[in-house]
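S.K.: Just dropping this structure here.
Here, each number is a calculation from the coordinates, and none is a lab measurement. Quantities reported herein were computed from a predicted structural model and do not represent experimental measurements. Please note: Cβ atoms are built from the backbone with ideal geometry, for glycine as well, and neighbour counts cover all protein chains shown.
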Amino acid sequence: MSRFAVWSAERAQAVIAEYRDGPGALLPALHALMAEFGYIDAAAIPLLAEAMTLSKADVQGVISFYHDFRTSPPGRHVIKLCRAEACQSMGSAGLEAHAKARLAVDWGQTTENGEFTLEPVFCLGNCALSPAVMVDGDLYGRVDPQRFEGILTEVRDAASVASEPTP
């Protein structure tokens, strides 16, 4: 079960309407669409452009400029692996290789079963406990391949408990 809503132009228009009249409305609207759907659907671009009196190219330019805006649905869980210098100096390259091999994905890709999306990030602000990983907003430090496996298990177990029916 995804934590994001299924794409709907009607819902997107409602989200956009909430932000259209505010100062610098495009970025807050894009963030709101990401929070609602987990990504910016291509169909949102003309909706945003029209609502904010911008060209579609302007909207697309902003989306492509900022790395946090996805243009395809993410997996049920998003793993962000830090690639900043502190994490690199503490072995994040080995962790990156392990994560990519374990999940059978590259950066920005989602596992075949739709469970995990792997994304690079260039600082999680957890430098004293590097290498750092964030999964669904939860920050983990001193992550090596073994701890990474434990985190995957923890996330899967939490997801299966959450999806169990309550008696």
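S.K.: With no solvent and one equal point scatterer placed on each C-alpha of segment 1-73, evaluate the Debye formula and give log10 I(q)/I(0) for q = 0.16, 0.19, 0.28 Å⁻¹, two decimals.
M.R.: -0.47, -0.67, -1.52
S.K.: While we're looking at this one, here's another question. Would you order T53, T111 from fewest to most other beta-carbon atoms within 10 Å of each residue's own beta-carbon?
M.R.: Fewest-to-most Cβ neighbours within 10 Å comes out as T53, T111.
S.K.: List every residue whose amide H lies under 5 Å from the amide H of G38, counting only residues 5 or more places away in sequence or on a different chain, with H placed 1.01 Å from N in the peptide plane.
M.R.: none
S.K.: Nearest 500 deg cm²/dmol is fine: what mean residue ellipticity at 222 nm does the chain get from its DSSP H runs of n ≥ 4 alone, each adding -39,500 (n - 2.57), divided by its residue count?
M.R.: -14000 deg cm²/dmol
S.K.: Any chance you could list P(r) for the chain, counting all Cα-Cα pairs in 5 angstrom bins from zero, rounded to whole %?
M.R.: With a bin width of 5 Å, the distribution comes to 1, 8, 16, 17, 16, 14, 12, 9, 5, 1, 0.
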